[in-house]
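The values are calculated or read from the model by the stated rules, or taken from the named source; none is laboratory data. These figures come from a predicted structure and were not determined experimentally. As a convention, Cβ positions derive from the backbone with ideal geometry for all residues, glycine included, and neighbour counts pool all protein chains shown.
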Amino acid sequence: MPIDKSNPRVWVVRLADEPALTDDLNDAKAEAEATPASAAPHLVVDLSALTMINSSNLTQLLRLRKLALERDVKLRLTRPTGPVDGVFHTTGLDKVFDFAADIRAAVSTVLG
């Protein structure tokens, strides 16, 4: 999972499908935590490559959201497709997370 840090104000986290997804989310959270709060970037998490997501992955995303809230930065997810989108709707997490159509739209809204 590469984290695109070309804009220091917004990191773009491109998630891979399992089996790498769990590690990608752990790495993203660890890197965000390692960044001083005063320099914390907004986070855009790209879900477009996912074909599935499990409860553990949802918990990881919720922890990343909590970190963003604690640091007063924005977290945007790119709109998932197919079954992954269904999981967000079924669990009600579509009302908890903020979504954008794609990476460009997500970056634009966090920098807004």
Quick one: count up the residues across region 57-82 that are modelled with pLDDT of 95 or more and in a helix (DSSP H, G or I).
14
Residues of region 37-55 satisfying the condition of being at pLDDT below 95, part of a helix (DSSP H, G or I) and not aliphatic (A, V, I, L, M):
Ser38
May I ask you to list pairs of residues, at least six apart or on different chains, whose Cβ atoms are under 6 Å apart, with the first in region 59-72 being closer than 17 Å to Phe99 by Cβ and free of Cβ contacts under 8 Å to residues at least 12 places away in the same chain and the second being of a type in the set (Val, Ile, Thr) and outside any helix (DSSP H, G or I)?
none
Do any residues in region 25-44 that are touching a residue at least 12 places away in the same chain (Cβ under 8 Å) and loosely packed, with under 14 Cβ neighbours inside 10 Å have Cβ atoms under 9 Å from those of residues that are of a type outside the set (S, T, N, Q) and outside any helix (DSSP H, G or I), where the two are at least six apart or on different chains, and which pairs are they?
Ala37/Arg71; Ala37/Asp72; Ala39/Pro8
For region 74-85, does any single residue satisfy the condition of being more than 26 Å from Ala39 (Cα to Cα) and without any contact (Cβ under 8 Å) to a residue 12 or more places away in the chain?
yes
